[in-house]
Amino acid sequence: MTEPDFLQTTRTSYDAFADLYASRFQDELTAKPLDRGVLTGFAELVAAGGGGPVADVGCGTGRVTAHLHALGADVFGVDLSPGMLAEARSRYPGLRFEEGSMLALDLPDGGLGGLLAWYSTIHVPDERLPQVFAEFHRVLAPGGHLLLAFQAGDATLHLDDAFGRDVSLDFRRRRPEQVEPLLRDAGLETRARMLREADTEGAFPEKTPQAFLFARKPLAPEPTVSGGEEDGATD
């Protein structure tokens, strides 16, 4: 099957600046206590739901994977870019990182207690989001938790240059109310939403508000009890 163009351009672009990206954003979470709080809440929800493996899909250089690991999550990373994965494996040799696409994850059905997509669906075209969310639903166990993070807005930002290197990247900004119906259609129920204003100060200034959506794959229904058993009837 032919690979979609956006996967090729996203992979090639991140490969081009993986080393510079890793150095620039290594300590970003340190400067963002609210984001750390969101990740802590996600890790605690997964643990409260019985734990299980957590996939950081679009893990990049592994810094958020490592943060979840420090919070006690049984986490591994998946990314499209070999260059980004090389940085992740170099910086966090004790963690597991795999190459893969969120369009078709090499994971079994219902095997995850949690799935994180931390600013990784932003490169996915709108028409592909239902496929991505259906895949997230497939790999989550009943009761498993999903956390999405993305820039909030309406415009798409296109970059031909990043860190002084040639790229071709589209950053699709979306509003939570646009994303939630797509999650619902995929069988994922929204549990919480957060929108924080852009942090325009400090070492990592932002241009847009940041959105966070918590969703969950519903628990499997309880088995029904036949009328005779429910009523205490005997033969």
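Residue-wise HN-Hα couplings along region 161-169, as the Karplus relation 6.51 cos²θ - 1.76 cosθ + 1.60 with θ = phi - 60° gives them from phi, are 9, 9, 6, x, 10, 6, 9, 8, 10 Hz; Gly and Pro carry x. Projecting the Cα atoms of Gly52, Gly110, Leu219 onto the charge dipole of the chain, computed from C-beta unit charges around the Cα centre, puts Gly52 farthest toward the positive end. Distances between placed amide hydrogens fall under 5 Å for Arg191 paired with Phe214, Ala215, Arg216, all partners being 5 or more residues away or on another chain.
FRET efficiency for the pair Leu157 and Arg191, taken as 1/(1 + (r/R0)^6) with r the Cβ-Cβ distance and R0 = 22 Å, rounds to 0.15. Rounded to the nearest 0.05, what FRET efficiency is calculated for Glu44 and Asp126 with R0 set to 35 Å and r the Cβ-Cβ distance? FRET efficiency, Glu44 to Asp126: 0.65. Can you work out the FRET efficiency for the pair Asp19 and Ala134, with r the C-beta to C-beta distance and R0 = 45 Å, to the nearest 0.05? Efficiency, from the Cβ-Cβ distance: 0.85.
Rounded to the nearest 10 degrees, the angle from helix 129-139 to the longest Cα principal axis of the chain is 50 degrees. The charge dipole of region 5-219, taken about the Cα centre with unit charges on the Cβ atoms of Lys, Arg (+1) and Asp, Glu (-1), comes to about 520 debye, rounded to the nearest 20. Taking Cα atoms only, the orientation of helix 33-48 departs from the longest principal axis of the chain by about 30 degrees.
Rg/Rh, computed from the Cα trace of the chain with Rh as the Kirkwood radius, has the value 1.03.
All of the numbers you see were taken from the coordinates with simple rules; none came from a lab. Being a predicted model, the structure only gives us computed values, none of them experimental. No Cβ is skipped: glycine too gets one built from the backbone with ideal geometry, and neighbour counts run over all protein chains shown.
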